[in-house]
Amino acid sequence: MDGQLGDVAIVTAIAAPITVGLVQGAKASGMTSARWAVAFAILCGILIDVLVAATDLVDGFDLKDDIALVILLGIITGLSASGLYSGGKAVVGSA
């Protein structure tokens with residue numbers, strides 16, 4: 001990565017809602033329970049970020065530059081997705 005924080009923000013902003021959808025779909029279909037939802041979100045975040053980095057969809061976000069950074073961003077994406085869903089659920093539930 002060339003230190004372009006904007007590219008990282010784009011990838012995370014796109015990947016987090018996709019991860020939320022995948023986790024909620026997996027929970028609804030019975031593929032995973034609520035107990036394992038955060039772990040599944042982290043796994044989905046890593047997979048999405050690795051796929052985006054491998055396909056060079058975002059300029060400056062390359063898998064070959066630093067795989068450890070891409071995996072760390074995947075973990076951040078998964079944790080963001082799980083927080084995004086629970087935070088949204090808390091706001092809607094309290095209204």
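The values are calculated or read from the model by the stated rules, or taken from the named source; none is laboratory data. Just so you know, these numbers come straight off a predicted model, no measurement behind them. No Cβ is skipped: glycine too gets one built from the backbone with ideal geometry, and neighbour counts run over all protein chains shown.
For Ser94, the stated conditions hold: it is more than 15 Å from the chain's Cα centre (by Cα), modelled with pLDDT under 80 and among the polar types (S, T, N, Q). For the criterion of being buried (at least 18 other Cβ atoms within 10 Å of the Cβ), at pLDDT 85 or above and among the β-branched types (Val, Ile, Thr), Thr19 passes.
When restricted to residues that are surrounded by 13 or more Cβ atoms within 10 Å (Cβ to Cβ) and either under 19 Å from Ala9 (Cβ atoms) or at pLDDT 80 or above (or both), the range 68-91 contains 16.
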